[in-house]
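I have placed the structure first, in the form of structure tokens, so that the comments after it can refer back to it.
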Amino acid sequence: MFHEVYASSASELVTELLQYTTKETEITTFEAESLYAGIMVDTKNFTFKTGVRTFEAAAYLRKNNIDIIKVKKWFQSDLESYNVISDIVKSTEVIRETIGIAEYDKEDENANLICAKAADELLTISDITASFVLGKVKDVVYISGRSIGDVNVQIILEKLRWRRT
């Protein structure tokens, strides 16, 4: 087990292990791009929970001939998905002046991904410091929570995880 509270992501930790191992380790371009993508996701494009070690890991991965544009394209949405996310954001209810809550009410096998992207998008709105987007796939309700403020969405979601109605 390897746990480091200051790491931005599991991808950063894996990269550090590769980078500082005493045995010479080679990784493929795809592996390096995947690790870089993991860091991008967990740091919201290097803007959240980053430190010197995050950028050192990214620099190490860049030395492995990664294509940053290709990695960024992995995260692009098609126009239809973007419009769905925009509709979810439009329907958001704001409570306590800083928490956005929305629902994705369509039956969609990709509801968990759409909810995650919508929750991220809500955080781009001024005064929204936490967001929750609910969606459903068959009989399972997914809740995607995000925060850039004092609200610990993980604790809230853990408490909701076991409640069933």
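Quick notes on this structure:
- Which numbered condition Ile128 misses (of (1) more than 17 Å from Val153 (Cα to Cα); (2) surrounded by 20 or more Cβ atoms within 10 Å (Cβ to Cβ)): (1)
- Residues of the stretch 19-50 that are of a type outside the set (Asp, Glu), at pLDDT below 90 and farther than 19 Å from Ser147 by Cβ: Gln19, Tyr20, Thr21, Thr22, Lys23, Thr25, Ile27.
- Taking the listed residues Lys136, Lys159, Lys90, the one that is of a type in the set (D, E, K, R) and surrounded by 13 or more Cβ atoms within 10 Å (Cβ to Cβ) is Lys136, with no other qualifying.
- Residue within the stretch 70-92 that is aliphatic (A, V, I, L, M) and more than 18 Å from the chain's Cα centre (by Cα) present: yes
- The residue that is surrounded by the most Cβ atoms within 10 Å (Cβ to Cβ), counting only those in the stretch 1-13 that are among the aliphatic types (A, V, I, L, M) and either touching a Pro at 6+ places or on another chain (Cβ under 9 Å) or touching a residue at least 24 places away in the same chain (Cβ under 8 Å) (or both), is Ala7.
- Only one of the listed residues (Glu80, Glu16, Glu26) is surrounded by 13 or more Cβ atoms within 10 Å (Cβ to Cβ) and charged (D, E, K, R). That residue is Glu16.
- Checking Ala58 against (1) among the hydrophobic types (A, V, I, L, M, F, W, C); (2) modelled with pLDDT under 90; (3) closer than 28 Å to Glu121 by Cβ, the condition it does not meet: (2)
- Note on the stretch 33-152: enclosed strands (runs of 3 or more DSSP E) holding 1 or more residues that are touching a residue at least 24 places away in the same chain (Cβ under 8 Å) and under 28 Å from Val14 (Cβ atoms) are 140-147.
The values are calculated or read from the model by the stated rules, or taken from the named source; none is laboratory data. What you are looking at is a predicted structure, and each value in this text was computed from that prediction instead of being measured. With ideal geometry, Cβ positions are generated from the backbone for all residues, glycine too; neighbour counts draw on all protein chains shown.
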